[in-house]
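A short worksheet on the structure shown next.
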Amino acid sequence: MQPSLRPRRRIERELRPGRQLAYERLSDPILVTRAKDGDRRALAALCERHAPRIERTARHVLRDEEDARDAAQEALASLCTKLGQFRGDAALSTWLHRLTVNACRDLAERRRARRWEPLEDDARVSPEPSPGRAAELSELRADLRAGLATLPASQASVVVLADVLGFTFREISDASGLPVGTAKCYAHRGRAGLRELLGQPGPPS
């Protein structure tokens, strides 16, 4: 018996209409497929799921908290820009491990090149902050990390997604399942908690 040659009809409607898709429950291959098709919520879910592992890998490779944080952010950016190159020959975690190690290596090489850069004889202002300012920035980053660790996990997650990764509250809502108003509330409370910890004034009323 010959198989039917009639083309399959594409199903346009959702299998479960009226129910919100729980992105955090989808497998990596499904999220990757949806992200490649332009689903930004799937991409956000991938970033949120794998960010802790990426940060742990960066800390293990670089042995420096500040450099590891910078390399982890570069690796997450590479995840967003290079996901189309992922062919699925290996597990996504393996591919992300390579991305993270490469980001660590590139950052270390830039640090090393900058350290041995010859001094110029002209009077140009150095793009690097002064030693005093660099120390202040390093201390501020450490205070921010410590402050995030004191916040409830829900507030810290929203603050990182909004203020570090640049997601909108709608995207945070779609990725986490939180209502937009709740995400905004968590961000407001988290920022207020950080300002109080750092002794910074709040926004003008």
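Restricting to segment 63-96, name every residue that is closer than 16 Å to PRO29 by Cβ, in contact (Cβ under 8 Å) with a residue 40 or more places away in the chain and either assigned to a helix (DSSP H, G or I) or among the acidic types (Asp, Glu) (or both).
Across segment 63-96, the qualifying residues are LEU83, GLY84, LEU92, SER93, LEU96.
For the structure I just gave you, tell me whether ALA35 is in the same structural domain as ARG105 (by TED's automatic domain parsing), of a type in the set (A, V, I, L, M), in contact (Cβ under 8 Å) with a residue 12 or more places away in the chain and more than 22 Å from THR168 (Cβ to Cβ).
Judged against the criteria, ALA35 is not a match.
Matching residues to (1) modelled with pLDDT of 90 or more; (2) part of a helix (DSSP H, G or I):
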{"position": "ILE11", "(1), (2)": "no, no"}
{"position": "GLY18", "(1), (2)": "no, no"}
{"position": "THR33", "(1), (2)": "yes, yes"}
{"position": "ALA44", "(1), (2)": "yes, yes"}
{"position": "ARG49", "(1), (2)": "yes, yes"}
{"position": "ARG98", "(1), (2)": "yes, yes"}
{"position": "ALA108", "(1), (2)": "no, yes"}
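Here's the yes/no breakdown for (1) of a type outside the set (S, T, N, Q); (2) modelled with pLDDT of 75 or more; (3) crowded, with 16+ Cβ neighbours inside 10 Å:
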{"position": "ASP143", "(1), (2), (3)": "yes, no, no"}
{"position": "VAL159", "(1), (2), (3)": "yes, yes, yes"}
{"position": "VAL164", "(1), (2), (3)": "yes, no, no"}
{"position": "GLU196", "(1), (2), (3)": "yes, yes, no"}
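The values are calculated or read from the model by the stated rules, or taken from the named source; none is laboratory data. Just so it is clear, the model here is predicted, and its values are computed rather than measured. All Cβ positions, glycine included, derive from the backbone under ideal geometry; neighbour counts span all protein chains shown.
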